[in-house]
Amino acid sequence: MKRASITGASQVTFILGHPVSHSLSPAMHNAAFEKLELPWLYTPLDISFKELGPVLKMMRSFNVKGANVTVPYKEAVLKYLDFIEPDAKWLGSVNTLYRRGEKLCGTSTDGEGFLRSLGRYRQKFKGSRGLLIGAGGAARAVSGALAKEKVKGFYVANRSGVKAARLVNLLRKRYPRLDVQAVSLKDAEPLTAYSDWIIQATSLGLHGEKSPLSLRKSRKGTLVVDLIYHHETDLLKQAKRFDLPRLGGLGMLLHQGALSFEYWTGQKAPLAVMEQALQEGLKRR
Ligand code: NAP
């Protein structure tokens with residue numbers, strides 16, 4: 001495989017966030033550009049809140065095709081955009097920017113990326129009940145995707161009960177048939193016995209912390225998903241111990257990235273190459 005040279009016709013894409021030096025997205029996207037022999041570049045931009053507006057203004061007029069947006073700007077970018085796709089607007093979260101002429105548009109590929117990462121387990125979700133842990137940006141994206149996938153209902157357990165209740169209200173308004181309820185994190189454990197799936201969408205576990213939930217009472221076949229992709233979390237280790245089907249977050253990272261790539265290039269993303277770049281990036285850490 002040959003790296004296409006950067007030329008006068010090259011296009012630039014970014015990941016905007018703070019911090020971004022740890023991100024695996026540059027490796028994933030640059031490998032994809034290389035595979036398709038596109039003379040494009042994907043580069044991290046570590047910016048402050050006050051730099052966000054000027055950077056987005058610059059994106060409208062230069063040879064910039066688009067960007068990913070990560071913590072802490074997924075919500076903050078909304079006010080600078082000319083167009084926001086309806087799901088991203090409802091979620092209040094944008095992870096992908098793309099240009100249509102002079103217009104700067106925003107969407108979120110997190111929810112669809114999550115669904116695609118489920119692979120053969122996706123068929124378990126229609127009509128199912130489960131437990132979603134977390135009420136931050138990732139949990140919001142996943143909850144919207146679950147509602148669209150026609151799950152019957154789920155509990156939202158979060159450290160901050162106010163944020164869980166806010167997410168539940170939002171979901172009830174948008175999806176009146178969805179049976180969704182907030183529950184405190186400390187009361188969530190018994191619910192694992194009645195869940196077809198458990199999705200962990202908090203940052204707890206990023207640094208090897210123990211999960212506040214034990215899966216001891218989970219029933220056979222309950223799918224356990226942890227959106228953290230850096231390593232096998234305590235929750236996933238428990239799932240292994242109790243012989244439950246399980247998935248980490250790398251698949252979601254891959255598929256949300258592939259969808260962003262397709263927005264920018266209009267070409268099918270080379271998934272195998274992108275996945276390999278992610279795996280290698282993780283090994284280098
Ligand atoms: P966020 O918007 O900052 O939300 C953080 C969530 O984690 C909130 O629910 C927060 O609870 C909870 N939390 C943080 N520290 C906690 C603690 N010590 N104990 C209990 N709960 C705690 O972040 P996010 O964007 O939703 O990301 C959440 C996780 O998902 C991160 O680990 C991120 O790496 C992962 N993620 C993965 C992908 C992927 O592609 N695989 C994509 C996006 C995110 P409070 O509301 O109580 O603060």
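Pull up all non-local amide H partners of residue 154: gap of 5 or more, or a different chain, and H-to-H distance under 5 Å with H placed in the peptide plane.
Amide H neighbours of residue 154: 130, 179, 180, 181.
With a cut-off of 8 Å between alpha carbons and a minimum separation of six or more residues, what is the relative contact order of the stretch 77-130 in percent?
Relative CO of the stretch 77-130 lands at 29 percent.
Any chance you could get the radius of gyration and Dmax over the Cα atoms of the chain, in Å?
19.1, 60
What is the gain in length, in nm to one decimal, between residue 41 and residue 262 on full extension, counting 0.36 nm per residue of separation less the C-alpha to C-alpha distance?
Length gained, residue 41 through residue 262: 78.1 nm.
Amide H neighbours of residue 246 under 5 Å, at least 5 residues apart or on other chains, H built in the peptide plane: list them.
Amide H neighbours of residue 246: 224.
Which percent of the accessible area of the stretch 112-248 is formed by carbon and sulfur heavy atoms (probe 1.4 angstrom)?
50 percent
Only bridges whose two residues both fall in the stretch 112-248 count here: according to DSSP, what percent of them are antiparallel, nearest 5?
Here the antiparallel bridges make up roughly 0 percent for the stretch 112-248.
So how exposed is residue 203, as accessible area in Å² (1.4 Å probe, rounded to 10)?
The accessible area comes out at roughly 80 Å².
For the full complex of protein chains and a 1.4 angstrom probe, list 285, 60, 241 by accessible area with the highest value first.
Result, largest first: 241, 285, 60.
Quick one: if you stick a label point 7 Å off each Cα along the C-beta vector at residue 120 and residue 285, how many nm between them?
2.7 nm
Please report, in debye to the nearest 20, how large the charge dipole of the stretch 157-273 is about its Cα centre when each Lys and Arg carries +1 at its beta carbon and each Asp and Glu carries -1 there.
Dipole magnitude for the stretch 157-273 comes out near 360 debye.
Along the positive direction of the dipole of the chain (beta-carbon charges: Lys, Arg +1; Asp, Glu -1; about the Cα centre), which of 23, 194, 250 reaches farthest?
After comparing all options, I get 194.
When the chain is fully extended, how far beyond the present Cα-Cα distance does residue 50 get from residue 89, taking 0.36 nm per residue of separation?
Extra length from residue 50 to residue 89 when fully extended: 11.8 nm.
With springs connecting C-alpha atoms under 10 Å apart, model the chain as a Gaussian network and identify which of 18, 231, 207 has the largest mean-square fluctuation.
Of 18, 231, 207, the most mobile in the Gaussian network model is 207.
Taking the Cβ of residue 117 as the centre, find all other residues whose Cβ is under 12 Å away and add up their charges (Lys, Arg: +1; Asp, Glu: -1).
-1
Between residue 129 and residue 271, what length comes free when the chain is fully extended (0.36 nm per residue of separation minus the Cα-Cα distance, one decimal in nm)?
This chain segment gains 48.1 nm when fully extended.
Can you give me the span-like helices of the chain, meaning DSSP H runs with 18 Å or more of Cα extent along the axis and Kyte-Doolittle mean at or above -1.0?
Going by DSSP H runs, the hits are 49-61, 161-174, 250-265, 271-284.
Which value in nm describes the separation of the simple spin-label points at residue 103 and residue 166, placed 7 Å from the Cα toward the beta carbon?
Placing both labels 7 Å along Cα→Cβ, they lie 2.9 nm apart.
Rank-order 136-144, 152-160, 95-103 by packing density, defined as the average count of other C-beta atoms within 10 Å over each peptide's residues, highest first.
Top of the packing list down: 136-144, 152-160, 95-103.
Under a crude label model (7 Å from the Cα following the beta-carbon direction), how far is residue 214 from residue 240 in nanometres?
Going by the 7 Å Cα→Cβ label model, 2.0 nm.
The values are calculated or read from the model by the stated rules, or taken from the named source; none is laboratory data. These figures come from a predicted structure and were not determined experimentally. Using ideal geometry, Cβ is built from the backbone for each residue, glycine included, and neighbour counts are taken over all protein chains shown. All accessible areas refer to the heavy atoms of the entire protein, side chains included, with ligands and DNA or RNA removed. Shrake-Rupley method; radii C 1.70, N 1.55, O 1.52, S 1.80 Å.
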